[in-house]
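Take a look at the structure below.
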Amino acid sequence: MVGARHPKKDIRRALEDAEDAGLVVATATGHRWGYIRCPECKETDLSVWSTPRVPEHHAAAIYRFITRHQHKEGRP
């Protein structure tokens, strides 16, 4: 993971799983902690917030993003 670790353990674990799935995880500046982007389809990224209201729900959104971007043979 590029940059600092995420302060919430559930989100940090989801970000590690995103990297293992081949997605790009990067830190950002401003109000968001960072973002996740799919290198194959280059769709809009998923913002990762540093202090979400419910960290478990935000981690679930990251897992949904991972699931949507598991490409096989170059097809979305």
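The set of residues in the stretch 19-57 being in contact with a Cys (Cβ under 9 Å, 6 or more places away or on another chain) and either farther than 19 Å from Gln70 by Cβ or in a loop (DSSP other than H, G, I, E, B) (or both) consists of Gly22, Leu23, Asp45.
Can you find even one residue in the stretch 3-16 that is of a type in the set (Val, Ile, Thr) and touching a His at 6+ places or on another chain (Cβ under 9 Å)? Checked against the condition, which is being of a type in the set (Val, Ile, Thr) and touching a His at 6+ places or on another chain (Cβ under 9 Å), the stretch 3-16 yields at least one hit.
Within the stretch 16-42, the set of residues being in contact with a strand residue (DSSP E or B) (Cβ under 8 Å, 6 or more places away or on another chain) and among the small types (Gly, Ala, Ser) comprises Ala18, Ala26, Ala28, Gly34.
In the stretch 4-33, which residues are of a type in the set (Gly, Ala, Ser) and over 8 Å from the mean Cα position of the chain (by Cα)? Across the stretch 4-33, the qualifying residues are Ala4, Ala21, Gly22, Ala26, Ala28, Gly30. From Arg53, Arg13, Arg64, Arg5, grab the single residue that is charged (D, E, K, R), out of contact with any strand residue (DSSP E or B) (no Cβ under 6 Å at 6 or more places or on another chain) and at pLDDT below 90. Being charged (D, E, K, R), out of contact with any strand residue (DSSP E or B) (no Cβ under 6 Å at 6 or more places or on another chain) and at pLDDT below 90 holds for just one of Arg53, Arg13, Arg64, Arg5, which is Arg5.
The values are calculated or read from the model by the stated rules, or taken from the named source; none is laboratory data. What you see is a predicted model, and the numbers here were worked out from it, not measured in a lab. We place every Cβ from the backbone using ideal geometry, glycine too, and count neighbours over all the protein chains shown.
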